């Protein structure tokens, strides 16, 4: 299984979900597959997307928040897992596309998950009951897609082969500020609220 | 911190419209936590790391909350990465409330805190975080509102750093 196969299955299911991606190859693939989805937000650096997703899920408890992570990004912020387990947010799904390498290193340096580290086990030990690992497309359909449209806290570790498809895709010409404002205006419109800091004249 | 100062601090946060706060507790300002919990106006979220506390607060701000993040003076070091990437690069306002352990006016200063405290303001300056040091309760409510307004206007984190009477 490669990451893009999972993302291709997710894209047609987008309605009003809020989708955050960390800075890894999946952000290029996802924003290429679902460029029109106004609920997309790029969180510019590794290790921050799950935290931002938790904050959004707390602020908007009736909206499904989906976080697209990589193994490298999760390993950079393992402190998220106990917080996630204890908050037990019913509207948050975290997909970890675990290819066991730092693709961005350009030489595929292995991550800890290529060794003995098991992210699902860490998640479970942190209190995330609905943590699973999927190894193929059928497993992703069964255990991953319910996290796109369903309820509850989902933590889905997707074991994927390293794929360099994202390097063939033109990089989005949208910067972090433009993503942020588009995202916030979308929230304002769909929630009927004014986000305080962008409402100031 | 005297109980009356904790009450004034909580009152000032509510008056500034803060309705969401992440935190890692410390020793100088922690009396605000039970007051906030009892009051219920401000949604409190404990974090495992100040770096995480910044990201959770940022997410809540994007979702429409007016947010604060409470930490001790080690917090800016631990959270420097998320302050820069999420706070400044993406541009999200977060009111930072920092217990200034190890500062000149820290009434409980010791060898444990002083090295960290003395380098904290240069660290904030290096990160480009605007700040104000508060040592007594005079004009406290205005200071909080001013800092919150600066943070909102800049679309960036801004800090209130509490020492002196707050650090007893």
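Read-outs throughout are calculated quantities, based only on the coordinates presented, and are distinct from any laboratory measurement. Since the structure is predicted, the reported quantities are computational estimates derived from the model, not experimental observations. Positions of Cβ are backbone-derived with ideal geometry, glycine not excepted, and every protein chain shown enters the neighbour counts.
Treat the count of other C-beta atoms within 10 Å as a stand-in for reagent exposure and order A:171, B:149 from fewest to most.
Arranged by neighbour count, lowest to highest, A:171, B:149 become A:171, B:149.
Out of B:106, B:39, B:152, any idea which swings most in a Gaussian network model of chain B, alpha carbons joined below 10 Å?
The residue with the greatest mean-square fluctuation here is B:39.
Using the alpha-carbon atoms, what tilt in degrees (0 to 90, nearest 10) does helix A:49-59 show relative to the longest principal axis of chain A?
Rounded to the nearest ten degrees, it is 40.
Considering only DSSP beta bridges with both partners in the protein assembly as shown, what is the antiparallel share in %, to the nearest 5?
Close to 5 percent.
Three principal axis extents, largest first, for the C-alpha atoms of the stretch A:80-201, in Å?
53, 37, 26
Go ahead and estimate [θ] at 222 nm for chain A from helices alone: -39,500 (n - 2.57) per DSSP H run with n ≥ 4, summed, over the residue count, rounded to 500.
Rounded to the nearest 500, it is -9500 deg cm²/dmol.
Restricting to Cα pairs below 8 Å that are 6+ residues apart, what does the relative contact order work out to for the stretch A:37-194? Please round to a whole percent.
About 26 percent, as a whole number.
When the Cα atoms of the stretch A:7-158 are enclosed in a convex hull and the volume is divided per residue, what value in Å³ results?
For the stretch A:7-158, the hull spanned by Cα atoms encloses 100 Å³ per residue.
So if we plug the beta-carbon distance of residue B:30 and residue A:165 into 1/(1 + (r/R0)^6) with R0 = 51 Å, what FRET efficiency do we get, rounded to 0.05?
0.55
If the chain between residue A:90 and residue A:151 were fully stretched, how many nm would it gain, using 0.36 nm times the residue separation less the Cα-Cα distance?
Stretched out fully, the residue A:90 to residue A:151 stretch lengthens by 21.4 nm.
Given labels modelled 7 Å from the Cα in the Cβ direction, how far is it in nm from residue B:145 to residue B:107?
2.7 nm
Give the calculated FRET efficiency between residue B:114 and residue B:4 to the nearest 0.05, with a Förster radius of 25 Å applied to their Cβ-Cβ distance.
0.35
Relative contact order of the stretch A:123-201, please, whole-number percent, based on alpha carbon pairs below 8 angstrom and at least 6 residues apart.
In percent, rounded to a whole number, it is 23.
Restricting to chain A, what percent of DSSP beta bridges are antiparallel, rounded to 5?
That works out to approximately 10 percent antiparallel.
Would you calculate a helix-derived [θ] at 222 nm for chain B, using -39,500 (n - 2.57) for each DSSP H run of n ≥ 4 and dividing by the full residue count, to the nearest 500?
-11500 deg cm²/dmol
For chain B, report the translational diffusion coefficient in µm²/s to the nearest whole number, using Stokes-Einstein at 37 °C, 0.692 mPa s, and a Kirkwood Rh over Cα pairs.
214 µm²/s
With everything on Cα atoms, drop me the angle between helix A:176-191 and the longest principal axis of chain A, reported from 0 to 90° to the nearest 10.
60 degrees
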